[in-house]
Amino acid sequence: MRLVTFTLAIVFSAPSPQALAEAYPSKPVKLVIAFAAGSATDSAGRILAQELSQRLGQNVIVENRAGANGQIAAVFVARSTADGYTLFMTTNSTHGANPHLYKKLAYDPIKDFEPIARVGTLPFMLVVNPELPANNTAEFIAYAKAHPGGLSYGTASTASLVGAETINHLAGLDLVRVGYSSSPQAILDLVAGRLQVMVADFTTAMPHVKAGKLRVLAVTTAKPTTLLPEVPPIAATLTGFDLTSWNGIFAPAGTPKEIVARLERDTLEILSRSEIRKRFAAIGFEIDPMNTSEFSRYVREQIAYWGKLVRDAGIPPE
């Protein structure tokens, strides 16, 4: 009888899921970023972390774990305790392109994560060193064809890789790939002339464009973007070209649904504010949120979509 009473006491004293959610968070939360400090995702993640800290009443600490197109961060988060204290801000690199760029991954983008919310989209642009005699995509293609194997491009993300290789494929060029662990490092080499061209995100490239150290030729979206309305899309020269990156928040698989719902609600409320939209636009992001269920479906669609992009670009898996 004592054993039964003791067991029942444990059952009835255990916190309910609702109580667990109400108590969350009781300590700082870690937001793991898949890319290096200064990258586009890092800049967006720091804005979101600051706002989440205020809503959650606990510090949200950014931790950069860059490398291998986000694989290092993805594996770390996938193996973390599913208690809401480790979150993941990442992009189509880990949850779209990587399953097709690598023969084997140490994480599963669907099974190992709980989608919380999509944050927004990130257009890229085709930029060149100003010494290159090209002012638009057509002139760049003509110059590259006249110098086969003579131009190198930098890549530090799957979007920059797939974008450049798609140009290579559609235009019949012979651009040489140079891999980097972070976009800021690649951009600095482009400015210095050690590279000639790059498909780069707005956040890292735009300051150098404004300073006259880089020249922007086109944007990667199918149509002109509101972030840079005067610049034509690559698709105006290469029919069918359309590439846009995105980012969002995930948690390890098995994170309590009540905590996921709390984080979803807080994230979407933050993203609905006009001042936050302006801050994101200033770093080259277009806020375009999705709730948990929408984002979950979207990630599955994106894995298929990026698979087609990788195959069409002729990129063999490593």
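What follows draws every value from the coordinates through simple rules; no lab data is involved. No experiment lies behind these values; they were computed from the predicted model shown. Note that each Cβ is placed from the backbone with ideal geometry, even for glycine, and that neighbours are counted across all protein chains shown.
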Against the longest alpha carbon principal axis of the chain, how many degrees, from 0 to 90 and to the nearest 10, is the axis of helix 158-171 turned?
30
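Rounded to the nearest 500, what is the 222 nm mean residue ellipticity of the chain from helices alone, with -39500 (n - 2.57) per DSSP H run of 4+ residues and division by all residues?
Details: 12 runs with 136 residues, N = 318.
Value at 222 nm, helices only: -13000 deg cm²/dmol.
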Long-range amide H contacts for L214: which residues qualify at under 5 Å (H placed 1.01 Å from N, peptide plane, sequence gap of 5 or more or a different chain)?
V209
If the cut-off is a Cα-Cα distance under 18 Å, which aspartates and glutamates reach K210, setting aside same-chain residues fewer than 8 apart in sequence?
E131, D189, D201, E230
Got a sec to turn the phi values of segment 173-184 into Karplus ³J(HN,Hα) couplings, 6.51 cos²θ - 1.76 cosθ + 1.60 with θ = phi - 60°, whole Hz, x for Gly and Pro?
9, 10, 6, 9, 7, 10, x, 9, 8, 8, 5, x
What angle, in degrees between 0 and 90 and rounded to the nearest 10, separates the Cα long axis of helix 2-13 from the longest principal axis of the Cα atoms of the chain?
40
Karplus 3J(HN,Hα) series, Hz, for segment 85-94 with 6.51 cos²θ - 1.76 cosθ + 1.60 (x for Gly, Pro)
9, 10, 10, 9, 9, 8, 9, 5, 4, 7
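For the chain, give the share of DSSP beta bridges that are antiparallel, in percent and rounded to the nearest 5; count only bridges with both residues there.
Restricted to the chain, the bridges split so that about 60 percent are antiparallel.
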Counting trypsin sites (Lys or Arg not before Pro) as exposed when in a DSSP loop with at most 13 other beta carbons within 10 Å, what is the longest stretch of the chain free of them?
112-193
Near the amide H of T90, under 5 Å away, which other amide H atoms are found, from residues 5 or more places off or on another chain, if H is placed in the peptide plane?
G248, F250
Between V60 and residues 5 or more places away or on another chain, the pairs with built amide H atoms under 5 Å apart involve V29, S53
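Mind scanning K223/K308; K30/K103; K27/K257 and naming the pairs with a C-alpha gap bigger than 26 Å?
Beyond 26 Å: K30/K103.
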